[in-house]
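To start, the structure under review is shown below, and the notes come after it.
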Amino acid sequence: MKPQLSPDDAHLNRLWRETFGQPMPLIGAPDIARRILRQNGVSARDLAQPQDTSAAPVDARPASRPKSKV
């Protein structure tokens with residue numbers, strides 16, 4: 001069975017994967033993840049908590065988004 005992320009971590013993990021092309025290494029630290037994502041060009045609007053509150057599997061694949069130049 002795959003571990004489940006909180007809705008907040010699942011949302012941040014999706015944004016992290018879209019931005020950096022790899023899973024978010026900071027599960028359980030949403031403030032730090034948000035700060036890093038914001039510093040790398042993710043808008044405050046995108047960082048807002050999603051409406052969907054269902055948990056997602058840790059290895060959920062995100063929708064396509066251009067990768068930032070890091």
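Tabulated values for the structure
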item: Hits in region 1-31 (condition: outside any helix (DSSP H, G or I), of a type in the set (A, V, I, L, M, F, W, C) and under 9 Å from the mean Cα position of the chain (by Cα)); result: M24
item: Out of V70, V58, sole residue that is open to solvent by 90 Å² or more (accessible area, probe 1.4 Å) and at pLDDT below 90; result: V70
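The values are calculated or read from the model by the stated rules, or taken from the named source; none is laboratory data. Every value quoted in this text rests on a predicted model; they were computed, and no experiment measured them. Calculation scope for accessible area: heavy atoms of the full protein, side chains included, ligands and nucleic acids excluded. Shrake-Rupley method; radii C 1.70, N 1.55, O 1.52, S 1.80 Å.
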